[in-house]
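Scroll down for the structure; my scribbles are underneath it.
The values are calculated or read from the model by the stated rules, or taken from the named source; none is laboratory data. Please read these numbers as outputs of a predicted model, since none were measured by experiment. Neighbour counts run over all protein chains shown; Cβ positions are idealised from the backbone, glycine included. What goes into the accessible areas is simple: the full protein's heavy atoms, side chains included, and nothing from ligands, DNA or RNA. Shrake-Rupley method; radii C 1.70, N 1.55, O 1.52, S 1.80 Å.
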Amino acid sequence: MPVPLLDLSRQHAPLEQRFAAAFDAVLKSGVFVLGPEVEQFEREVAHYCGVKHAIGLSSGTDALLVAMMALGIGPGDEVLCPAFSFFATASCVVRLGGTPVWVDVRPDTFNIDLEDAVRKINSSTRALVPVHLFGQACDMECIQAIADKYGLFIVEDAAQALGAKYQGQRVGSFGHFAAFSFYPTKNLGGFGDGGMLVTQSDELADMARWLRNHGMHPRYYHKYVGGNFRLDAIQAALMRIKLPFLESYHENRAANAAFYLEALNGVDGLILPVVRQECRSVWNQFTVRVTGGRRDALRKYLADKGIGSEIYYPVTLDQQECFREFGRGQDCLLNSHQLADDVLSIPVFPELRHEELQEVAAAIVDFFNS
Ligand SMILES: *Cc1c(COP(=O)(O)O)cnc(C)c1O
């Protein structure tokens, strides 16, 4: 039985009529960029995260960029970024002339190693980017203590973690800014690109709103050089239909993850993901580690059975060609480099059927027994 890594049609099929009605309403309204649907969606996401402000943006990448712009990151500024993450975590810094400083991650949670982060702080360090990778929050208590002590900004890269909790509190409410993505593979997937910034600060929210619209304030008077980072009304209208189901999607992902953690427990050669006690993961990915250099062989074994998997991420950020001027972490980013060789993400999407979960787990067990 083939099992896809992700099948969005299962999530969308029961909502099709409501999507069609929402599309129709936006069509008739004639408001296609920002406007009331976006404002309503912003209020709903802010409420969901327990934060004061949400600013709808064109993508998660642009959300990170606008956050860095609003905080004034530029030449001479260093920003601590985990080396094991998606490209946009660091490209937002580089695009503004700043310098990303690579920090290693922990091998168990895949999240930023804070001892390594502290070692890399100096008088040029301005900000720290905790990435809540695969849906699990970073150690925000420790991060806030570090940020307070050294006077750093925190920009949460929460692209994969809308709804995740740390000590019972949702991510997004810890940093000066937090960036979310509505790319279709994220837990709240849109119908194209989309993103959001959230913040508790009135001043930062104003700044982000101006920057997303060419720094215009008031109309046609440009106080800052911003860009076009606006969210479309159709995206907001359609995602507003999905948002009330987000908790049930998370719960299904968590149940799927629990199944794997049980079914794959003790398989020799396989390291299962660890969720810390104070965290509630939203399981954007279920990512295992394969020891002994057999990751690619497992991936091929699964592919031959029609089972989808993906490598997030095969190359660390310090190894990316376009970032070579910022130094390679040959000796100091050992965990990150090991993970790039070891990790494999397997299907965990909310609508997976029980037989499919069994199929995936059985195939993995078979691989290690053969
Ligand atoms: C998806 C993602 C982004 C970028 O979001 P887009 O909406 O695709 O631009 C940034 N950081 C991380 C960790 C992501 O997973």
_Name the residue that is farthest from Asn284 (Cα to Cα), counting only residues in the range 164-175 that are crowded, with 24+ Cβ neighbours inside 10 Å and in contact (Cβ under 8 Å) with a residue 60 or more places away in the chain._
Gly172
*Just need a number here: residues in the range 281-307 that are closer than 30 Å to Lys165 by Cα and surrounded by fewer than 18 Cβ atoms within 10 Å (Cβ to Cβ).*
1
_Answer from Phe86, Phe23, Phe32, Phe19 - the residue that is aromatic (Phe, Trp, Tyr) and open to solvent by less than 40 Å² (accessible area, probe 1.4 Å)_ = Phe19
*asked:* Take the conditions in contact (Cβ under 8 Å) with a residue 12 or more places away in the chain, open to solvent by less than 50 Å² (accessible area, probe 1.4 Å), under 23 Å from the mean Cα position of the chain (by Cα) and away from the ligand (no atom under 16 Å from the Cβ) and apply them to Asp62. Does it pass?
replied: no
*asked:* Quick check on my filter: what residues within the range 48-58 are open to solvent by less than 20 Å² (accessible area, probe 1.4 Å) and among the small types (Gly, Ala, Ser)?
replied: Ala54, Gly56
*Is one or more of the residues making up the range 176-196 open to solvent by less than 10 Å² (accessible area, probe 1.4 Å), part of a strand (DSSP E or B), modelled with pLDDT of 95 or more and in contact with a Lys or Arg (Cβ under 9 Å, 6 or more places away or on another chain)?*
yes
*Got a sec? Which of Val348, Val343, Val365, Val315 is within 21 Å of the chain's Cα centre (by Cα), surrounded by fewer than 16 Cβ atoms within 10 Å (Cβ to Cβ) and hydrophobic (A, V, I, L, M, F, W, C)?*
Val315
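Only residues that are part of a loop (DSSP other than H, G, I, E, B) and either free of Cβ contacts under 8 Å to residues at least 24 places away in the same chain or within 11 Å of the ligand (Cβ to nearest atom) (or both): list them for the range 73-97, please.
Of everything in the range 73-97, those that are part of a loop (DSSP other than H, G, I, E, B) and either free of Cβ contacts under 8 Å to residues at least 24 places away in the same chain or within 11 Å of the ligand (Cβ to nearest atom) (or both) turn out to be Pro75, Phe84, Ser85, Phe86, Phe87, Gly97.
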*If you check Glu247, Glu262, Glu310, Glu278, which single one turns out to be under 18 Å from the mean Cα position of the chain (by Cα) and surrounded by fewer than 16 Cβ atoms within 10 Å (Cβ to Cβ)?*
Glu247
*Would a scan of the range 302-319 turn up a residue that is part of a helix (DSSP H, G or I), of a type in the set (A, V, I, L, M) and touching a Pro at 6+ places or on another chain (Cβ under 9 Å)?*
yes
*Might you let me know whether the range 198-216 holds any residue that is under 21 Å from Leu246 (Cα atoms) and within 11 Å of the ligand (Cβ to nearest atom)?*
no
*Single condition Ser123 does not satisfy, out of (1) more than 16 Å from the ligand (Cβ to nearest atom); (2) open to solvent by less than 10 Å² (accessible area, probe 1.4 Å)*: (2)
*Can we say Pro273 is closer than 23 Å to Lys165 by Cβ, surrounded by 15 or more Cβ atoms within 10 Å (Cβ to Cβ) and out of contact with any strand residue (DSSP E or B) (no Cβ under 7 Å at 6 or more places or on another chain)?*
no
*asked:* Leu133 - would you say it is of a type in the set (A, V, I, L, M), out of contact with any His (no Cβ under 6 Å at 6 or more places or on another chain), more than 11 Å from the ligand (Cβ to nearest atom) and modelled with pLDDT of 95 or more?
replied: no
*Take the range 147-163 and flag every residue that is surrounded by fewer than 19 Cβ atoms within 10 Å (Cβ to Cβ) and not in a loop (DSSP other than H, G, I, E, B).*
Asp148, Lys149, Tyr150
*Restricting attention to the range 100-112, which residues are out of contact with any helix residue (DSSP H, G or I) (no Cβ under 7 Å at 6 or more places or on another chain) and either outside any strand (DSSP E or B) or on the phi > 0 side of the Ramachandran plot (or both)?*
Asp108, Thr109
*Within the range 197-232, can you find the residues that are aliphatic (A, V, I, L, M), more than 13 Å from Ser58 (Cβ to Cβ), crowded, with 18+ Cβ neighbours inside 10 Å and more than 19 Å from the chain's Cα centre (by Cα)?*
Leu204, Ala205, Met207
*Residue ID - farthest from the ligand (Cβ to nearest atom), chosen from residues in the range 98-120 that are among the acidic types (Asp, Glu) and crowded, with 18+ Cβ neighbours inside 10 Å*: Asp116
*Lone unmet requirement of (1) in contact with a Lys or Arg (Cβ under 8 Å, 6 or more places away or on another chain); (2) away from the ligand (no atom under 16 Å from the Cβ) for Gly308*: (1)
